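For reference, the structure discussed in these notes is given below.
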Amino acid sequence: MKIVKLFIFGISISSIIFMGSCSSKEEPTYEKVDTMKIRASNYFKGYKPSKFVDDKMSTFWHSDEPPGNFDWVSISYEKLFKVSKYTIARRSDISSQAPVEFILEGASTPEFPDSDTKWETIDKQENQIWDDNIKTYTIKLPKDFIHYRLRIIQTGDGMFASIAEWKLEK
């Protein structure tokens with residue numbers, strides 16, 4: 001009888017370990033692209049944050065959680081960089097995952113900020129309508145920052161967020 005219980009317990013433990021290793025969610029990290037560090041709060045397996053800076057409209061970053069759970073993507077530079085405008089390109093096949101409400105933030109700390117209090121709001125957009133695949137926004141008062149974060153508050157369908165390209169320009 002004890003052998004049977006131990007055997008059943010062994011199956012349960014191995015099942016739990018196996019289920020945990022099959023998750024489609026990967027841990028957020030940064031990826032080095034040229035002189036930039038690219039990050040995201042989360043991403044769906046295979047749709048890493050570097051996809052939004054690869055100059056390919058056919059690839060994209062895709063969140064693994066619905067907006068409102070504090071989805072964000074970020075670009076960090078090696079030194080201060082003043083952005084005067086930025087461009088967001090949505091996926092061409094699904095406009096409902098494009099951000100309709102978002103905040104562009106900046107931080108000038110040497111290390112990537114681990115606290116929301118270190119981020120400064122640069123621009124805020126609400127009620128965006130995505131008739132075209134690409135939108136460009138002008139910063140009213142450009143300022144130097146090392147880190148830029150696009151915090152996505154809401155998408156068209158409220159389910160997931162995806163961005164094909166995100167460009168920051170001087």
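The values are calculated or read from the model by the stated rules, or taken from the named source; none is laboratory data. Quick caveat, the model's predicted, so the values are computed rather than measured. Please note: Cβ atoms are built from the backbone with ideal geometry, for glycine as well, and neighbour counts cover all protein chains shown. Only protein heavy atoms, including side chains, enter the accessible area calculation; ligands, DNA and RNA are left aside. Shrake-Rupley method; radii C 1.70, N 1.55, O 1.52, S 1.80 Å.
Figures for the structure shown
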| quantity | calculated |
| --- | --- |
| Hits in segment 138-159 (condition: assigned to a loop (DSSP other than H, G, I, E, B), open to solvent by less than 60 Å² (accessible area, probe 1.4 Å) and on the phi < 0 side of the Ramachandran plot) | 139, 142, 156 |
| Yes/no for residue 88 being assigned to a strand (DSSP E or B), open to solvent by less than 20 Å² (accessible area, probe 1.4 Å), farther than 20 Å from residue 35 by Cβ and modelled with pLDDT of 95 or more | yes |
| Test: residue in segment 64-71 that is open to solvent by 10 Å² or more (accessible area, probe 1.4 Å) and not in a loop (DSSP other than H, G, I, E, B) | no |
| Unmet requirement for residue 81, which otherwise passes all of (1) under 14 Å from the mean Cα position of the chain (by Cα); (2) among the aromatic types (Phe, Trp, Tyr); (3) open to solvent by 20 Å² or more (accessible area, probe 1.4 Å) | (1) |
